[in-house]
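See below for the structure under consideration.
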Amino acid sequence: MSSVTRIAIAVVERDGRYLVGLRTKQQTLAGKAEFPGGKVEANETFEAAAIRECLEETGLEIEIVSHLDSVEWDYDHGRIALEFILCRVGSQQEPRPPFRWVAGNELPNLDWPDANQTVIQKL
């Protein structure tokens, strides 16, 4: 039995827009849209991982608002447990590329990984 990779996802909202990036060619699920996030380290909470990953990937400091969704998903590369955490950013600072602000009504038009579909529908 393989282990489950725990992933924290920061769903960052500001003025009806969401922080979205694009996975690189070197990453699993290359070319798919993504929210900031990544693997939870040992002894780290999902919330702490979401804050850390967002800062590392985008340069933006965020605050946790609430838990949004939990999803477990099987991909060819393994099983993942995703925790989607709704967050906000206090400043008007812009994120580092490839992240950008996308209007909420545009989210369903992007090419997301299958595991993200339920949370996209909730937004």
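The values are calculated or read from the model by the stated rules, or taken from the named source; none is laboratory data. Here the structure is a predicted model, which means the values were calculated and not measured. Cβ: placed from backbone, ideal geometry, glycine included. Neighbour counts: every protein chain shown.
General remarks:
- Region 1-16, residues that are in contact with a helix residue (DSSP H, G or I) (Cβ under 9 Å, 6 or more places away or on another chain), closer than 17 Å to GLY59 by Cα and of a type outside the set (Gly, Ala, Ser): ILE9, VAL11, VAL12, GLU13
- Checked against (1) touching a Ser or Thr at 6+ places or on another chain (Cβ under 6 Å); (2) modelled with pLDDT of 95 or more, HIS77 passes all but condition (2).
- Any hit, region 82-96, residues being modelled with pLDDT of 95 or more, touching a His at 6+ places or on another chain (Cβ under 8 Å) and among the aliphatic types (A, V, I, L, M): yes
- Selection status of GLU13, modelled with pLDDT of 95 or more, of a type in the set (Asp, Glu) and not in a strand (DSSP E or B): no
- Checking SER66 against (1) hydroxyl-bearing (Ser, Thr, Tyr); (2) surrounded by 18 or more Cβ atoms within 10 Å (Cβ to Cβ); (3) more than 13 Å from PHE35 (Cα to Cα), the condition it does not meet: (2)
- Tally, over region 32-52, of residues that are in contact with a strand residue (DSSP E or B) (Cβ under 7 Å, 6 or more places away or on another chain) and either surrounded by fewer than 18 Cβ atoms within 10 Å (Cβ to Cβ) or not β-branched (Val, Ile, Thr) (or both): 11
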